[in-house]
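Novice: Sharing a structure, written as structure tokens. Questions coming.
The values are calculated or read from the model by the stated rules, or taken from the named source; none is laboratory data. Everything quoted here is computed from the prediction, not taken from an experiment. Neighbour counts are summed over all protein chains in view; Cβ atoms, including those assigned to glycine, are modelled from backbone coordinates with ideal geometry. Heads up: the accessible areas ignore ligands, DNA and RNA and are worked out on the full protein's heavy atoms, side chains in. Shrake-Rupley method; radii C 1.70, N 1.55, O 1.52, S 1.80 Å.
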Amino acid sequence: MSFGDHLEELRTRMWRAIKGLGLCLVIGFILDSIGTAVKQPWIGVGKPMLKIITQPVEDKVKEFYEERNLETKKKLEDARASGTESPLTNTSTFPAKIRSPMFEEKLGKAEIDCEVTVTRIEVDIIGKEGERDADTGQGKLTGLGVMEAFMVYIKVSLLCGFIIACPWVFAQMWAFIGAGLYPHEKKLVHVYLPFSVILFIGGCVMCQFLVMPQAVKAMLVFYKWIDIDPDLRLNEWLGFAIVMPLVFGLAFQTPIVMIFLNRIGIFGWEIYLAKWRYAIFVMAILSALLTPSTDVVSMLFLFVPTFGLYMAGVWICYMLPPPQGLLGGAGEEEEEVGV
């Protein structure tokens, strides 16, 4: 095939992938509309996924307010039991004059001097059985722009549409790339691709349901420390919640890359094991840079599994040494490119 033929093939595959992505987006919009019409929030694509993305932060903010209200209640009970004024109250006394026609009839003067005492009690509002009052809006993500909700929904829908369409998109990519690979290279892709997908999904799931709640909890500690109410924005949280699972999914590809390089003879298990100290340093730096949050919890949640996968990759490379003559064999060089 000439260079122009390759470009034409690439253009054809790209258009097919884009059409598949567009079809999945339309299906997602239709399902979201059906779910809203029948009042079933689990029917749809973008809206249910948005709920899954926002659930960890809303739950942790709810726990933040619940813990603070329990502390407030305990302080009031302790002050009431000791008979002293609660630190949560603020009492002020100031002179005042009260005027009334009744005073002139009874006392002979229209106004009397008195002192007024005002007590202000600081209490957080929380609903029955730990549920937030719907009117307070505590724990809910907020939007500050007119277009923010629309843009967030479009971003989530695009993400979900790509996830649904990824088998078709990858099939078009493979149809273009696979035509230029040797048979043994295709075999390596067929062997390692399923494991790569499993590790990527495992990293994303671990991040969403294990790391994200703990990361949010760690960041809310600083709000409690400086006594500030959290008011988190939807758009900012969305960027954080999308990047974090992707980072974990890519980091979990470490053993696949190691095994692939081992099988084609570039690096062996001896080199991986000898350079483990450098690997720790590099992974620690990348974990700190790639996690969007600044807390140590998120970094450790990324670093520890990645290092464990690195050591697992060393063991697998030891058990599966590269075959002899994989690169540079006369028979391999004479094989025709699969079309």
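Novice: Listed here are the pairs Lys39/Lys62; Lys74/Lys140; Lys39/Lys155; Lys62/Lys217; which of them are more than 20 Å apart at the Cα?
Specialist: Values: Lys39/Lys62 25 Å; Lys74/Lys140 25 Å; Lys39/Lys155 23 Å; Lys62/Lys217 11 Å.
Exceeds cut-off: Lys39/Lys62; Lys74/Lys140; Lys39/Lys155.
Novice: If I take R0 = 56 Å and measure r between the Cβ atoms of Trp174 and Leu144 in this structure, what FRET efficiency does the formula 1/(1 + (r/R0)^6) give, to the nearest 0.05? Let's see the in-between values first.
Specialist: Details: r = 43 Å, r/R0 = 0.77.
Given R0 = 56 Å and the Cβ-Cβ separation, E is 0.85.
Novice: On a 1.4 Å probe surface of the protein chains, which of Phe240, Phe3 comes out largest in accessible area, and what is the full order? Walk me through the numbers on the way to the answer.
Specialist: Details: Phe240 25, Phe3 155 Å².
Largest accessible area first, the list is Phe3, Phe240.
Novice: Still on this structure: Between Phe209 and Ser82, how many nm apart are label points set 7 Å from Cα along the C-beta direction?
Specialist: So the two model labels end up 4.6 nm from each other.
Novice: Describe numerically, in nm with one decimal, the distance between label points set 7 Å from Cα along Cα→Cβ at Ile280 and at Val197.
Specialist: Distance between label points: 3.7 nm.
Novice: Let me ask something else. For region 206-312, what is one quarter of the convex hull surface built on the Cα atoms, given in nm²? Intermediate values should be presented prior to the final figure.
Specialist: Working: hull surface 30.4 nm².
Here the figure is 7.6 nm², rounded to one decimal.
Novice: Could you calculate the contour length gain from Thr12 to Lys75, that is, 0.36 nm times the residue separation minus the distance between their Cα atoms, to one decimal place in nm? Don't jump to the answer; show the numbers that get you there.
Specialist: Working: separation 63, 0.36 × 63 = 22.68 nm, distance 6.94 nm.
Additional length available on full extension: 15.7 nm.
Novice: Between region 254-308 and region 44-81, what is the C-alpha centre distance in whole Å?
Specialist: After rounding, the separation between the Cα centres reads 36 Å.
Novice: May I pose another question? Sequence-distant or interchain residues sharing an amide H contact under 5 Å with Arg233, placed H: which?
Specialist: Those lying under 5 Å, H to H, from Arg233 are Thr142.
Novice: Show Glu66, Glu270 ordered by accessible area, largest first, where the area counts protein heavy atoms only and the probe is 1.4 Å. Let's see the in-between values first.
Specialist: Details: Glu66 50, Glu270 100 Å².
Putting Glu66, Glu270 in descending order of accessible area: Glu270, Glu66.
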